[in-house]
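What follows draws every value from the coordinates through simple rules; no lab data is involved. Treat the numbers as computed from the prediction; the structure is a model and nothing was measured. All Cβ positions, even for glycine, are placed from backbone atoms using ideal geometry, and neighbour counts span all protein chains on display.
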């Protein structure tokens, strides 16, 4: 069990606390410091069952600064997330070949 975590994000902290309250001790990956590769991002999208745009923070200033739109092609979006990990929606929990975005935090419980 691994969580892509940003300790400055309230939802990320709440999700990690919820997992710990449930008796889980996930491996914490601070994805802003240890950015996922494009391959890892593609695997995450597949595990989530989502298009890359659905796992992005489109309201971040960096989204527009990167020249992205909601119609950008998948390759462009994956490359942008690898280059600017702040664009990745957070947190993401991976467990047993599945993944879930912790928005709301309780949504990660569905894959446990």
Exercise for the section: Working carefully through the options 18, 109, find the one that is in contact (Cβ under 8 Å) with a residue 60 or more places away in the chain, out of contact with any strand residue (DSSP E or B) (no Cβ under 7 Å at 6 or more places or on another chain) and closer than 16 Å to residue 5 by Cβ. Expected result: 18
Practice task
Look at residue 34 and say whether it is more than 23 Å from residue 1 (Cβ to Cβ) and out of contact with any strand residue (DSSP E or B) (no Cβ under 7 Å at 6 or more places or on another chain).
Solution key: no
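If we keep just the residues of region 21-36 that are more than 19 Å from residue 78 (Cα to Cα) and free of Cβ contacts under 8 Å to residues at least 40 places away in the same chain, which is surrounded by the most Cβ atoms within 10 Å (Cβ to Cβ)? Explain how you work it out, then say what you get.
To start, the set of residues in region 21-36 that are more than 19 Å from residue 78 (Cα to Cα) comprises 21-28.
Applying the additional criterion that residues be free of Cβ contacts under 8 Å to residues at least 40 places away in the same chain yields 21, 23, 25, 27-28.
Values: 21: 8, 23: 6, 25: 8, 27: 9, 28: 15.
In this case the residue turns out to be 28.
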